[in-house]
1. For 162, 63, write out the residues from largest to smallest accessible area, computed with a 1.4 angstrom probe and no ligands counted.
2. Could you tell me the calculated FRET efficiency between residue 62 and residue 202, based on Cβ-Cβ distance and R0 = 45 angstrom, to the nearest 0.05?
3. Taking 0.36 nm per residue of sequence separation and subtracting the Cα-Cα distance, how much length would be gained by fully extending the chain between residue 37 and residue 2, in nm to one decimal?
4. Hey, any idea what % of segment 141-228's accessible area is carbon plus sulfur with a 1.4 Å probe?
5. At a 1.4 Å probe radius, carbon and sulfur cover how many percent of the accessible area of segment 1-77?
6. Equivalent ellipsoid semi-axes for segment 159-216, as square roots of 5 times the alpha carbon gyration tensor eigenvalues: give them largest first, rounded to whole Å.
7. Quick one: how many Å² of residue 134 are accessible to a 1.4 Å probe, rounded to 10?
8. Hey, what's segment 1-60 come to in accessible area per residue, 1.4 Å probe, Å²?
Amino acid sequence: MQPSSEQAAVIDSDSRIKVVIAAPGTGKTWLVGQYLKRHVDTYSDVPFAALSFTNSASSEIHRSLGYDPSHPSFCGTVDSFIYKYIVRPFSRYLYQGGKLGRIRIVPKNMLIAHKTGTNKFDINLGTYKKPKPSHLFDAELVDVEGGLPVYKCIMTWGESVRVSGKQAQRILKMKQGMWNRLGWASYSDVKCIAAQLLSHKTHGQSVIGLINNRFPCLVVDEAQDCGVLIDVIIKHLLAKVDAGLVVGDPSQAIYGFNGARPELLKKYETLPDASKYELRQSYRCPSAVIATASHFQAVPIDIVPREGDAGQSVIAIYNNKEECVTLCREVTGVDRADAY
């Protein structure tokens, strides 16, 4: 399979940073694989880091690349990269990390065993309501407002509560105490520590330089799922990296409930020596689906439909997959409908 003219423009580009806004079905991950193949063919001894947000997406990059890249390159999830190459080797610059002297992600069974004592705190839910308990491992930083943290806290009965202001500052201070005293962290904590480290006035630039030397080429797939913390980390790493590729579709962000902000994708276009590209030719969606889906796009982009029949567009509101399949079968006469 040969790249389309849109894909070739990205692969052949001399820009240091390439930011690709891609419509559904335009071959985003295939493009990532072809870009990495070109990198390996041209600079066989220069490692790369290819990051995505799920194991399945990383496996798709493997398939697109044609092999599973081994050391010294990295191809895996953003969380894994952040812990392995930023927090584990460098967190000692900020936090004592308990008896082992480093931050470590604590297994779930250990979290359950220690959901008591100094790792618990109360949240004030309102003037006339009694404060309710939560646990440090159930507090995830999802936003920053006015330079202050905003947490999503899971209460003991399962409800999710957004916490900001002085209460959020208190949570962060308690977490920092835990990172120093025990060295325990959740995956959410690891992202916070990495963002703090790369932004640090004394240590940040030296750590960024070491990571850029280790991985002169950085690729981020499905970048529409970046939240504020990952956005800080990626922007720091891209600022001086030799070559970077950022690919995403703001209309396909699926982690909004967990702090993802697809509008951050546009900020990468302002990085030094960055160029923006669009992938508009869809190889998945017929014209009827595109005509319907265009009304729901987060960022308007003119999508070119696949060749062939116009297809059918079905908008279904459903509670589970079986219900959706049944509805589509009744309306279209087939077992599934082409999805946006």
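1. 63, 162
2. Computed FRET efficiency for residue 62 and residue 202 comes out at 0.75.
3. Values: separation 35, 0.36 × 35 = 12.60 nm, distance 1.30 nm.
Fully extending the segment from residue 37 to residue 2 adds 11.3 nm.
4. Ligands and nucleic acids excluded, carbon and sulfur give 55 percent.
5. 47
6. 27, 13, 12
7. Its accessible surface works out to 0 Å², give or take rounding.
8. On a per-residue basis, segment 1-60 sits at 41 Å².
The values are calculated or read from the model by the stated rules, or taken from the named source; none is laboratory data. Given the structure is predicted, the values throughout are model-derived calculations rather than measurements. All Cβ positions, glycine included, derive from the backbone under ideal geometry; neighbour counts span all protein chains shown. Keep in mind that these areas ignore ligands, DNA and RNA; they rest on the heavy atoms of the full protein, side chains included. Shrake-Rupley method; radii C 1.70, N 1.55, O 1.52, S 1.80 Å.
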